[in-house]
Amino acid sequence: MNFQRPFAMLRKELLHISRDPRSLALALAMPVILLLLFSYALSLDVDRIPTYIIDHDKSSDSRSLIEQFKGSRYFSILGYPDTYDTAEYGIGRNECLLVVVIPKDFARDLAERRPQPVQLLLDGTDSNTASIARGYSESVVTSWTAQRLRVKIPVEARVRVWYNPTLESRNFIVPGLISVILMIISALLTSLTVAREWETGTLEQLLSTPLRTAEIIAGKLGAFFILGVADALIALTVGILVFHVPFRGSFIFLGVATAVFLMGAFSWGLLLSSIADTQLQAFQLGMLSSFLPAFLLSGFIYAIENMPPIIQVATYLFPSRYFIAILKATFLKGLGFAELWPQLLALVLYAVIVSVLAMRRMRSKVA
Amino acid sequence: MPDTMVTLRNLVRRFGDFVAVDNVSLDVAKGEVFGFLGPNGAGKSTTIRILCGLIAPTSGTAKVAGFEVGPESEQIRRHIGYMSQKFSLYDDLSVEENIEFFGGLYGVEGERLQQRKQYVLEMAGLTTKRNEITAMLAGGWKQRLALGCAILHEPPVLFLDEPTSGVDPIARRQFWDLIYGLSEAGSTIFVTTHYMEEAEYCNRIALMYKGRMIALGTPSELKRERNLPSMEEVFIQSIEKEDAKEEAKA
């Protein structure tokens, strides 16, 4: 292998990147913007649930129950309407998610140990949030009742959450996001670069020189690899320093996995650009085939185990699935090569298969 | 180096049912300026692209600089310069960066690169514009820069595919002066054009029509044989004859 030619290619690609400040800014600012957007906007945490409480009883018992709700950080009590209608209107207008209705004679029935329902009205539009709110409010009512009646609940679940004890969604969103960002940037940028050479006719010029297809690919991959690694470092730094996501694993292992993942993503971009005839096509194919799977079929936000079997099978085809597993496990669980080698192997296989396909397609396209 | 720098023997290239190059045979001698003349779609570019190893022939053989197209394409690429129809340097790179890039591809480096770069800049009249972004150059300069990048490695054979299309007449004339200079220095030049006055500049011409070579010779031979005053009339008469032959067959 001659080194001068791929090196000339690499240098040229870096010049292209430096001549286009807008895409350079985009490539480097995108990780930060996406991280900020997603980590703040895509919080799946449910707390400070806006709540109305209707107290028909107005006894010391009902006030004590209300205090229990007020004392929990999961609820934010917005008011104490007198009528049902007002509360119902509040849910309809998105003012509150939850209405707690304490019936008349609540205290009297309680004293006589007669069962007495406390009504919880929930806005089920967002089913996920509603079921979390339901769980929180039920447990408030149960624990208050146990206290009030001085009964010890005989069997009690003692919960300890591992790896992410405070259950902050940011802790799993940030590592997953790194994979989404790298996939978009690498697949999209590479697919555009070859499509551009194809469109402007420079690819034909290159092929009339002693430059080989493999050397074109090596030069381009090299240049975008530098950009991809810069992006990965930015995302990692912002995640750890700004969002305080714990990092418990080995940087070296993650570095190796990232490099392999990037090679696979770049090859995918090359494959796309060898299929697309124009930059526009390449862009559309790139968006469709990198962004969506990286987002939806990777376990980034939606657990793969909950998907229908066919979709679960489909997730194996996309490298994001393996990389996100590696990211989450190195960040939060502190796992390394010993546990994660199957995922790493999958990424290696993906990179090898796709790069061979891309090289073949490129050759047959130019010939 | 052989005396015959380009050889075509029964060269055929089909795209599906369409025959782009139909059984063409010819020889180009060392140092010749050989013109490939014909209307659009006559198969000129396809022939050049086969000779540069960019596409494979359907049948027949071709040799460039003594190497066989196909099995020895890699050798051929080291010994040719190619300028395609479309301007195909990098618009966002400077003049000098384009030259250095192609130098890197052709393995021209160090002292030799400096010399060749200087030569190309002077030849193209770009010495004072060496740091300008290529997109800013006017057509004639772009054309000469593209030629310069194609001859950095001093290739014995040069393929120029409509190198002067879209360039003003003065720049076109200057470009031909450069071609003569290269030919005098021993390069073999294979050039396609559809400008009739350019045909007169060539040492020898092949007239291409619908993939077939319908005439071959020096401009004066072709005119004398048909007793016509200009290449334009030679061209029109030959094409009309071809069409008549075809109609008679049908």
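With the requirement that a residue be free of Cβ contacts under 8 Å to residues at least 60 places away in the same chain and more than 21 Å from A:Glu204 (Cβ to Cβ), what does segment B:141-180 give you? Once the filter is applied, which keeps residues that are free of Cβ contacts under 8 Å to residues at least 60 places away in the same chain and more than 21 Å from A:Glu204 (Cβ to Cβ), segment B:141-180 yields B:Trp141, B:Glu154, B:Asp168, B:Pro169, B:Ile170, B:Ala171, B:Arg172, B:Arg173, B:Gln174, B:Trp176, B:Asp177, B:Leu178.
Do any helices (runs of 4 or more DSSP H) lying entirely in segment A:1-74 carry at least 3 residues that are of a type in the set (A, V, I, L, M, F, W, C), more than 25 Å from A:Ala87 (Cα to Cα) and at pLDDT below 90, and which ones are they? If you could, list the steps in order and put the result at the bottom.
Numbers: elements: A:4-19, A:21-41, A:60-71.
Answer list for segment A:1-74: A:21-41.
Against the test of being more than 18 Å from B:Leu182 (Cα to Cα) and buried (at least 17 other Cβ atoms within 10 Å of the Cβ), the options B:Gly38, B:Gly16 yield a single qualifying residue, B:Gly38.
Taking the condition of being out of contact with any Leu (no Cβ under 6 Å at 6 or more places or on another chain) and either more than 14 Å from every other protein chain (Cβ to nearest Cβ) or among the β-branched types (Val, Ile, Thr) (or both), how many residues in segment A:3-26 meet it?
First pass over segment A:3-26, keeping only residues out of contact with any Leu (no Cβ under 6 Å at 6 or more places or on another chain): A:3-4, A:6-7, A:9-14, A:16, A:18-26.
Those left that are additionally either more than 14 Å from every other protein chain (Cβ to nearest Cβ) or among the β-branched types (Val, Ile, Thr) (or both): A:25-26.
Selection size over segment A:3-26: 2.
Pick from segment B:104-122 the residues that are hydrophobic (A, V, I, L, M, F, W, C) and within 14 Å of chain A (Cβ to nearest Cβ): which of them is surrounded by the most Cβ atoms within 10 Å (Cβ to Cβ)? Looking at the filtered set, the residue picked out is B:Leu105. If you check A:Val155, A:Val159, A:Val141 for being exposed (fewer than 15 other Cβ atoms within 10 Å of the Cβ), farther than 30 Å from A:Thr330 by Cβ and among the β-branched types (Val, Ile, Thr), only one passes: A:Val155. Among the numbered conditions (1) without any contact (Cβ under 8 Å) to a residue 60 or more places away in the chain; (2) assigned to a loop (DSSP other than H, G, I, E, B), the only one that B:Ala42 does not meet is (1). Criterion applied to A:Phe323, A:Phe300, A:Phe337, A:Phe331 was being touching a Lys or Arg at 6+ places or on another chain (Cβ under 8 Å) and either among the hydrophobic types (A, V, I, L, M, F, W, C) or surrounded by 14 or more Cβ atoms within 10 Å (Cβ to Cβ) (or both), and the one residue passing it is A:Phe331.
Criterion first (surrounded by 15 or more Cβ atoms within 10 Å (Cβ to Cβ) and under 35 Å from the mean Cα position of the chain (by Cα)) does A:Leu97 satisfy it?
Numbers: surrounded by 15 or more Cβ atoms within 10 Å (Cβ to Cβ): yes; under 35 Å from the mean Cα position of the chain (by Cα): yes.
In short, yes.
Just wondering, is there one or more residues in segment B:69-88 that are away from chain A (no Cβ under 11 Å) and at pLDDT 95 or above? No, every residue in segment B:69-88 fails to be away from chain A (no Cβ under 11 Å) and at pLDDT 95 or above. Just so you know, in segment B:89-103 the residues that are of a type outside the set (A, V, I, L, M) and in a helix (DSSP H, G or I) include one that is farthest from the other protein chains (Cβ to nearest Cβ), and it is B:Glu96.
The values are calculated or read from the model by the stated rules, or taken from the named source; none is laboratory data. Just so we're clear, the structure is a prediction, and the values are computed from it rather than from any experiment. Methodologically, a virtual Cβ is constructed for each residue, glycine included, from the backbone with ideal geometry; neighbour enumeration extends over all protein chains shown.
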